[in-house]
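Q: Below is the structure I would like to discuss, written out as structure tokens.
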Amino acid sequence: MNHKKTLILLILTVCILFCFSSTAFAAELTEAEVEQAVADQGKETVTGNIFIWFLCAIAFLKVSQKIDSFMASLGINVGNTGGNMMAELLIAGRGLSGALRGHGGGGGYRKVSSPGSAAVGGSFLSGGLAGAVGRQMERSAVNAATGYSEGGSIGNSMYQSSLQKGGDFANRVIGDIAKGSYGQVGSITGDDAAKAYASYMGLRSGDAENTSTSEPLPQYSNMEIGGGRITGTETLDGESRDFAMYLSDQYMAPTNGDYETVQSVDGATWYKQYAQDTVEKKPYQDDNGAVAYQESIVQKVPPAPARKDRI
């Protein structure tokens with residue numbers, strides 16, 4: 001019981017400090033302290049305490065105006081300022097509960113193996129509860145974007161809304177996947193991949209600067225984003241070309257064929273190569289029974305350059 005009272009007192013203290021400091025969510029509540037609380041009291045008790053505190057903190061601080069402004073800056077659709085507080089409480093509560101479920105109980109933490117867990121780092125509660133919820137939303141969005149989970153999560157709703165505007169939240173999720181380990185995080189494919197690429201490279205057709213010019217934007221298809229690579233087909237004026245991009249942090253510069261250097265909206269540098277004329281030889285048997293080759297020119301993307309971690 002003393003442990004329970006101590007934990008509640010600590011949480012309430014953090015809540016009060018938040019009223020006087022914008023950085024109070026980064027309170028000195030360490031992962032080790034939470035682990036010890038879980039070991040002493042069990043996951044259900046700790047989850048309930050933090051969940052109740054978080055709901056009370058949201059209601060007490062009444063931060064809906066600030067949340068709306070922040071979400072809008074990320075390109076995420078938000079409701080009317082000062083609107084449905086119950087909806088805000090449910091969203092915050094579900095996000096925190098998900099963050100807690102991502103760590104096991106019974107004397108220690110066990111991370112759930114998922115694309116989101118692999119792509120989005122950060123120890124539990126680093127940056128305070130706001131940071132924990134934010135990371136959980138990002139993990140949820142990564143899971144949905146890679147097809148690991150169903151698309152009905154709050155994280156995916158935030159991602160889809162932000163993606164329509166090329167918002168920071170969507171681009172952060174896309175960057176998590178684009179730069180992640182392919183074996184652990186997977187990739188974005190299908191129709192969403194084309195939208196994700198356009199957003200991540202700052203090629204949104206809805207931009208005022210784009211609509212004010214007569215230059216048409218390319219269309220993208222057959223896209224895949226993940227593992228330090230982006231591949232797909234670019235179509236402009238009826239002509240289609242396959243291309244591949246390689247993250248400079250993970251790949252050496254291409255040595256086969258021409259390439260250009262481009263940057264994504266998060267400042268990452270990519271090597272981009274289009275399909276190039278390649279001689280393709282097909283063997284056949286001539287009239288004398290000898291093996292001969294029929295040569296033709298085809299468009300192929302050059303082989304991928306060497307990965308830096310394999311040199």
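Q: About its Cα centre, how strong a charge dipole does the range 173-306 have in debye, to the nearest 20, once Lys and Arg get +1 and Asp and Glu get -1 at the Cβ?
A: Working: 9 positive and 20 negative charges, 78 e Å.
Dipole about the Cα centre, nearest 20: 380 debye.
Q: Right, something else. Give the Cα extents of the range 172-311 along the principal axes, in whole Å, largest first.
A: 65, 42, 26
Q: Subtracting the Cα-Cα distance from 0.36 nm times the residue separation, let me have the gained length for Gln285 to Asp237 in nm, one decimal.
A: On the way: separation 48, 0.36 × 48 = 17.28 nm, distance 4.06 nm.
In short, 13.2 nm is gained.
Q: Hey, got the Cα dimensions of the range 255-311 along the principal axes, in Å, largest first?
A: 60, 25, 14
Q: Another question, then. Identify, among Pro254, Gln219, Leu163, the residue whose Cα sits farthest towards the positive end of the charge dipole of the range 134-264, taking +1 on the Cβ of Lys and Arg and -1 on the Cβ of Asp and Glu, with the dipole about the Cα centre.
A: Leu163
Q: Residues with beta-carbon under 13 Å from that of Gly232, excluding Gly232: net charge, scoring Lys, Arg +1 and Asp, Glu -1?
A: Values: positive: Lys195, Arg229, Arg241, Lys272; negative: Asp191, Asp192, Glu224, Glu234, Asp242.
Charge balance near Gly232 sits at -1.
Q: Tyr259 accessible area, nearest 10 Å², 1.4 Å probe?
A: Taking all protein chains as shown, Tyr259 has close to 100 Å².
Q: What ranking do 282-289, 141-148, 191-198 get when scored by the average of other Cβ atoms within 10 Å per residue, highest first? Display every interim value, and only then the final one.
A: Values: 282-289: 7.8, 141-148: 24.6, 191-198: 20.2.
Going from most to least packed, we get 141-148, 191-198, 282-289.
The values are calculated or read from the model by the stated rules, or taken from the named source; none is laboratory data. From a predicted model like this one, the values you see are computed outputs, not experimental measurements. When we count neighbours, we look across all protein chains shown, and the Cβ atoms used for this are built from the backbone with ideal geometry, even at glycine. Just so you know, the surface numbers come from the protein's heavy atoms only, side chains and all, with ligands and any DNA or RNA stripped out. Shrake-Rupley method; radii C 1.70, N 1.55, O 1.52, S 1.80 Å.
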